[in-house]
Amino acid sequence: MSIIDFKMPKIKFKKMKMDVVNELENIDYEKIQKKNSKQKRTTPYEDMTNYKTVKEFFLNSVEKYPEEDCILEKPDHKEPYKITTYKEFKDDVFGLGTALINLLKLKDKKVIIIGETQYGWYVSYMAMLCGVGIAVPTDKELPDNELENIIKRSKAAAIIYSTKKSDSIKKIKENIPEIEYFIEMKSDRPLEHKDVGLNTLINLGKNIIKTGDKSFERIEIDPEEFKILFFTSGTTSNAKGVMLNNRNLASNINAISGYVKLYPNDMLFSVLPLHHCYESTIGFLLPIATGSSVAICEGLRYIVPNLQEAQPTAILTVPLLVESLYKKINEKIVKSKKDKIVNSMIGITNALKTTGIDVKRKVFKEIYDNLGGKLRIIVSAAAPIDKQVGEWLEGIGITFLQGYGLTETAPISAVTPEYKPCVGSAGKVIVGADAKVKDPNENGEGEILIKSPTLMIGYYEDKEATKKVIDEDGYFNSGDIGYIDDEGYIFITGRSKNVIVTQNGKNIYPEEIEMMLDKVDEIKESMVYGKKPEANSKKEEKELIITARVIPDYEKIKEIYGDISEKEIYDIIWKKIKEENKKLTSYKAVKSLEIKEGEFEKTTTMKIKRYKELNNN
């Protein structure tokens, strides 16, 4: 699944009858009111976990839930999900770990893990965290030259890769002879010189364990030891190596447990790339810690049938994906001529909920059924999201949570408490952490500083860069601009590196304007920046021109206007932008429009790589 070529598929909903009157008549209101009569929580859960390492909570779950579902993966599109239990997963992890340290002698060495989301990725990552060496999760979309750079910078001793990366691996074998082993996922290839299949290693390791060897099991994990190396895919600069330890990852799990409850019968739906800290920690390690399961999405084109087959209870996603899903759902509701009844029922069920009667799941059952039927939580992170989207999801009864953090905070430093959502915020600072605003302006906005047990060890082989972002008091300079309200909720308004400063000192955050423009039907995506005036300008100083670089939604434009020329498309979008300008103060108004051909290059969390886009001018 390529994030760079991200495009939401057409979602095929069944025709919605929305016979809500009949649904409302058949509800036992007294029973529901008694069930929901407990006093609402306003403080973190008292039974927060206190894990020190990944191995600790992994083995805890294996002991408690040995025969429960752990990982669900489709062998191919036509076959049903194959279920791996916790015991089976643990046996494979220990088998691989044993082989990596006993046969390949990779103890304490760095190992690249690269490939699309699959069972072998999970097994490899967990084996590394449970005692092999230092895991280096790597973006499968990297061009070969950048991949080689990561391998050289990390000084990796081995690469665990998916079959789709075979061509890249061939080049690496020629260019980087220092690599000791190349381990292919889903392969039974015997050990030959430097090549071996992952399945082969798992089986060899299991045979070693059968002889009584418990060397891997006995490895004790130092929570503070450098164990994971994430290379950021930043939107403003070249990748930095972020060093993390087991304490960082375990602290994420403990922090989430104070605000959100996951249960053994929960299932998370994995749709984001696993090499990113957000997905590998919250989308994988969190369900492992709670005895929940993970179902792997085959790719965006299969997202709806996979949802309907797997029936997950939670989805971890990013704004671009959830906003696209929201738009597609509502388009279907409008086409079914049920938008008025849906909006009316949101109002009625909201009113009922204030009296302790929550009937949303019954009233909006048809919408739920199209998403698998059991969905209860959607988590969005990595960037701000349109508030309207979150409110609508809450309106139909899905708990909408937002998380905030960076790779440097492994990644969570704030998250919305499920018991007290605050749609529009980036969440509340986690228990045991602190956040503050540096040099706030008259609106209370400034750079967000974070002090957290999830904070990285530092940047790999770059002490100077580490000193620049972590101050003497241990606060991390996030680079995000925002404010914190009286209840501790964080609101992000922009990135400090993206800010446009006017001649009279006013700050303009492009994200605010982009969020407005992206709501326009004719606009698929936008990027706002300050364009320098022409070099032949007579004035020595001249104001930056607030410019919107826009990708038109050609499909929507054709639906509304038919076949029209590029100039007509430009004129229509420019007219729409002028209408949006009326909602902004004058100095923030967009003064220039550029139509973008193709797609914006993005990070794995679907944020535009602004520095690359602007360098391509």
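The values are calculated or read from the model by the stated rules, or taken from the named source; none is laboratory data. Since the structure is predicted, the reported quantities are computational estimates derived from the model, not experimental observations. Note that we place each Cβ from the backbone using ideal geometry, even for glycine, and neighbour counts take in every protein chain shown. Please note that ligands, DNA and RNA were not included when accessible areas were found on the heavy atoms of the full protein model with its side chains. Shrake-Rupley method; radii C 1.70, N 1.55, O 1.52, S 1.80 Å.
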- Message: Every residue in the range 314-335 that is open to solvent by 10 Å² or more (accessible area, probe 1.4 Å), farther than 15 Å from ILE367 by Cβ and either of a type in the set (Ser, Thr, Tyr) or touching a Cys at 6+ places or on another chain (Cβ under 7 Å) (or both), please.
- Response: SER324
- Message: Checking ASN26 against (1) modelled with pLDDT under 95; (2) open to solvent by less than 70 Å² (accessible area, probe 1.4 Å); (3) not small (Gly, Ala, Ser), only one condition comes out false. Which one?
- Response: (2)
- Message: Quick check on this structure: which one of ALA135, ALA127 is aliphatic (A, V, I, L, M), closer than 23 Å to VAL271 by Cα and in contact with a Gly (Cβ under 7 Å, 6 or more places away or on another chain)?
- Response: ALA127
- Query: Inside the range 577-609, can you point out the residues that are in contact with a Pro (Cβ under 8 Å, 6 or more places away or on another chain) and either within 22 Å of THR502 (Cβ to Cβ) or at pLDDT 90 or above (or both)?
  - Reply: ILE595
- How many residues does the range 373-402 contain that are in contact with a strand residue (DSSP E or B) (Cβ under 9 Å, 6 or more places away or on another chain), of a type in the set (Gly, Ala, Ser) and open to solvent by 10 Å² or more (accessible area, probe 1.4 Å)? 2
- Task: Restricting attention to the range 285-325, report how many residues are part of a strand (DSSP E or B) and not hydrophobic (A, V, I, L, M, F, W, C).
- Result: 2
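Please work out which residue is most open to solvent (accessible area, probe 1.4 Å), limiting yourself to the range 343-361 and to residues that are β-branched (Val, Ile, Thr) and farther than 27 Å from ALA383 by Cβ.
Restricting to residues being β-branched (Val, Ile, Thr) and farther than 27 Å from ALA383 by Cβ, the top hit is THR354.
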- Task: For ARG153, indicate whether it is basic (Lys, Arg), part of a loop (DSSP other than H, G, I, E, B) and either under 14 Å from LEU104 (Cα atoms) or open to solvent by 40 Å² or more (accessible area, probe 1.4 Å) (or both).
- Result: no
- Would you check which residues across the range 386-411 are of a type outside the set (Phe, Trp, Tyr) and part of a helix (DSSP H, G or I) and list them? LYS387, GLN388, VAL389, GLY390, GLU391, LEU393, GLU394, GLY395, THR407, GLU408, THR409
- Message: If THR466 satisfies all but one of (1) open to solvent by less than 30 Å² (accessible area, probe 1.4 Å); (2) touching a residue at least 12 places away in the same chain (Cβ under 8 Å), what's the number of the condition it fails?
- Response: (2)
- Note on the structure: Per the filter on the range 165-194, residues outside any helix (DSSP H, G or I), of a type in the set (D, E, K, R) and more than 19 Å from ILE101 (Cβ to Cβ) are GLU178, GLU184, LYS186, ASP188, ARG189, GLU192
- Message: When you check LEU129 against the structure, is it at pLDDT 95 or above and closer than 17 Å to TYR161 by Cβ, yes or no?
- Response: no
- Task: Tell me, please, whether a residue that is at pLDDT below 95 and either open to solvent by less than 60 Å² (accessible area, probe 1.4 Å) or on the phi < 0 side of the Ramachandran plot (or both) can be found in the range 52-68.
- Result: no
- Item | Any chance ILE83 is among the aliphatic types (A, V, I, L, M), more than 22 Å from VAL196 (Cβ to Cβ) and under 25 Å from the mean Cα position of the chain (by Cα) | yes
- Does at least one position in the range 558-574 carry a residue that is out of contact with any His (no Cβ under 9 Å at 6 or more places or on another chain), in a loop (DSSP other than H, G, I, E, B) and charged (D, E, K, R)? yes
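So, in the range 284-306, exactly how many residues are farther than 24 Å from TYR65 by Cα and in contact (Cβ under 8 Å) with a residue 24 or more places away in the chain?
So the count comes out to 8.
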- Task: Kindly provide the set of residues from the range 149-168 that are closer than 13 Å to THR138 by Cα and hydrophobic (A, V, I, L, M, F, W, C), ordered by number.
- Result: ILE150, ILE151, ALA156, ALA158, ILE159, ILE160
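Is it the case that the range 181-193 has a residue that's touching a Gly at 6+ places or on another chain (Cβ under 9 Å), modelled with pLDDT under 95 and among the hydrophobic types (A, V, I, L, M, F, W, C)?
There is no residue in the range 181-193 that is touching a Gly at 6+ places or on another chain (Cβ under 9 Å), modelled with pLDDT under 95 and among the hydrophobic types (A, V, I, L, M, F, W, C).
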- Message: Just to be sure before I move on: is GLU220 within 30 Å of TYR45 (Cβ to Cβ) and over 24 Å from the mean Cα position of the chain (by Cα) in the structure I sent?
- Response: yes
- Enumeration of residues in the range 172-190 that are under 20 Å from LYS110 (Cβ atoms) and either exposed (fewer than 13 other Cβ atoms within 10 Å of the Cβ) or not acidic (Asp, Glu) (or both): ILE172, LYS173, ASN175, ILE176, PRO177, GLU178, ILE179, TYR181, PHE182, ILE183, MET185
- Task: Return the pairs, sorted by first residue and then second, in which the second residue is part of a loop (DSSP other than H, G, I, E, B), the first residue lies in the range 445-461 and is among the acidic types (Asp, Glu), the beta carbons are less than 7 Å apart, and the residues are 6+ apart or on different chains.
- Result: GLU447/SER496
- Message: Can you report the number of residues in the range 405-434 which are touching a Lys or Arg at 6+ places or on another chain (Cβ under 9 Å), under 15 Å from VAL260 (Cβ atoms) and open to solvent by 10 Å² or more (accessible area, probe 1.4 Å)?
- Response: 5
- Query: Would the range 423-435 turn up any residue that is in contact with a Gly (Cβ under 6 Å, 6 or more places away or on another chain), part of a loop (DSSP other than H, G, I, E, B) and either without any contact (Cβ under 8 Å) to a residue 40 or more places away in the chain or of a type outside the set (S, T, N, Q) (or both)?
  - Reply: yes
- Within the range 220-234, identify whether any single residue is open to solvent by 60 Å² or more (accessible area, probe 1.4 Å) and of a type in the set (A, V, I, L, M), and answer yes or no. no
- Query: Mind checking which residues of the range 472-503 are touching a residue at least 12 places away in the same chain (Cβ under 8 Å), open to solvent by 30 Å² or more (accessible area, probe 1.4 Å), farther than 26 Å from THR43 by Cα and part of a loop (DSSP other than H, G, I, E, B)?
  - Reply: ASP473, SER496, LYS497, VAL499, GLN503
- Message: On the basis of being at pLDDT 95 or above, among the β-branched types (Val, Ile, Thr), open to solvent by less than 10 Å² (accessible area, probe 1.4 Å) and not in a strand (DSSP E or B), does ILE282 make the cut?
- Response: no
- Item | Complete set of residues in the range 454-471 that are out of contact with any Lys or Arg (no Cβ under 7 Å at 6 or more places or on another chain), in a helix (DSSP H, G or I) and over 22 Å from ASN252 (Cβ atoms) | LYS463, GLU464, LYS467, LYS468
